[in-house]
Amino acid sequence: MQSWQLPEYVADILPTGARQLESAKEKILALFRSHGYELVHPPLLEYSDSLLTHIDSGLSLKTIRIADQLSGRQLGIRADITPQVARIDAHLLSANDGINRLCYAGPVLHARPEGFLNTREPLQVGAEFYGYAGVAADIETVGLMLDSLAVADFGGILLSLGHIGVFRALAAAAELDAAQSAALLAMMQDKDTAAVRVQTEAWGLDGMWRKAFALLPALYGGREVLAAAREKLPELSAVGRALDEIEAVCAAFPQQDVHIDLSELRVDNYHTGLLYAAYAADGHDALARGGRYDGLGGCFGRARPATGFSFDLRKFLGRLPQHERRPAIAVDAADMAEAAEAVAALRAAGEAVAVDYGVPSNSTAGSTRRLRKQDGAWVVTEQP
């Protein structure tokens, strides 16, 4: 293997792409800030028992672990920033019993890619809302997620909604144990109605529950799915509340294309209620995902209502507006000492000024501007 080769599913981002990403990140963080979200910077690595909450088994498989040469303890390189932000809210910001709006942008590392076209080093950007259990918090974060995607040209955006509370209410009423629930969740993800029927019959469940579980994979489509679910699913109060929350989000975005899927349950995740995601009109993978995860902070000593979303900003490459680089102003190396004050003033004003050492440079390629001394003053001149 050549020394310049990178591991599989890891790639460099060259200047053009890097400019696009940084510009988009700045716009998104400014958007978050305008909605009252405070930026946090969790560390790239922590003790693995802090990173791995034991709620999400999938996170454990994605986390790269190493030995700490100082303490001898096991460290983990973060694969998801959300648990870190939950730790910050629960432990470091515990003086506030009210709402904490927090946001972040940083790299994460995955032991394996999530799909053949995904990187193992996503640039995760997200916003989290802690301390309010009402659906209004979910509506706020869904709106912020949709606004964030406007930095790129995805054409139309499809908002996908689900709610794990529907399945959990049915599982509790049918008295399923944890292993049975996990098995059914996997079948729901595959939309394998036949397997659901066979398995629930094998368990000897009552006919009402067998029918309800078999219905869930078929309850997907537009806003009309809510009416069908209310008509066909058992009348459980928890099911009704979950459908009410989905309906409230739909009502908050009347012009938005919405897809409802009551079997979109995210088997290996820590979500506890409403689930949401955004898709490009011509895409199959979610651009952003979010949902409610009220129990996550309990792993760090303070369980709080929480909802939020995140996305891999690197997935936006190719859809971001071109961020053209204006070539730098050139100044001859021989003039640099005398022109230092003028150069500093130009740089402070936002101009790029690069020293010309007499060899071609990427900084000044295509530039027609040069700093020269004319009539005793340093001025920027245009040259053919």
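Considering region 67-92, the residues that are without any contact (Cβ under 8 Å) to a residue 12 or more places away in the chain and hydrophobic (A, V, I, L, M, F, W, C) include one that is farthest from residue 24 (Cα to Cα), namely 70. Restricting attention to region 111-128, the residues that are closer than 15 Å to residue 64 by Cα, touching a residue at least 60 places away in the same chain (Cβ under 8 Å) and in contact with a strand residue (DSSP E or B) (Cβ under 8 Å, 6 or more places away or on another chain) total 3.
When each of 216, 226 is tested for being closer than 26 Å to residue 307 by Cα and in contact with a Ser or Thr (Cβ under 6 Å, 6 or more places away or on another chain), the lone residue that passes is 216.
Kindly provide the set of residues from region 316-325 that are touching a residue at least 60 places away in the same chain (Cβ under 8 Å) and surrounded by fewer than 22 Cβ atoms within 10 Å (Cβ to Cβ), ordered by number. 317, 319, 320, 321, 322, 323, 325 - these are the residues of region 316-325 that are touching a residue at least 60 places away in the same chain (Cβ under 8 Å) and surrounded by fewer than 22 Cβ atoms within 10 Å (Cβ to Cβ). Just one residue in the set 87, 120, 101 is touching a His at 6+ places or on another chain (Cβ under 6 Å) and either buried (at least 16 other Cβ atoms within 10 Å of the Cβ) or at pLDDT 95 or above (or both); that residue is 120.
Scanning region 148-199 for residues that are in contact with a strand residue (DSSP E or B) (Cβ under 6 Å, 6 or more places away or on another chain) and among the aromatic types (Phe, Trp, Tyr) returns a single hit, 154. Consider region 184-197 and keep the residues that are hydrophobic (A, V, I, L, M, F, W, C) and exposed (fewer than 15 other Cβ atoms within 10 Å of the Cβ). The one that is modelled with the lowest pLDDT is 186.
Residues of region 96-118 that are touching a helix residue (DSSP H, G or I) at 6+ places or on another chain (Cβ under 9 Å) and of a type in the set (D, E, K, R): 101, 112, 114. Reported count of residues in region 307-332, each being aliphatic (A, V, I, L, M) and under 20 Å from residue 369 (Cα atoms), is 4.
When the helices (runs of 4 or more DSSP H) confined to region 160-203 are screened for residues that are more than 16 Å from residue 241 (Cβ to Cβ), those reaching at least 3 such residues are found at 178-189, 193-202.
The values are calculated or read from the model by the stated rules, or taken from the named source; none is laboratory data. Source: prediction; values computed, not measured. Because the Cβ atoms are built from the backbone with ideal geometry, glycine has one as well, and the counts that use them run over all protein chains shown.
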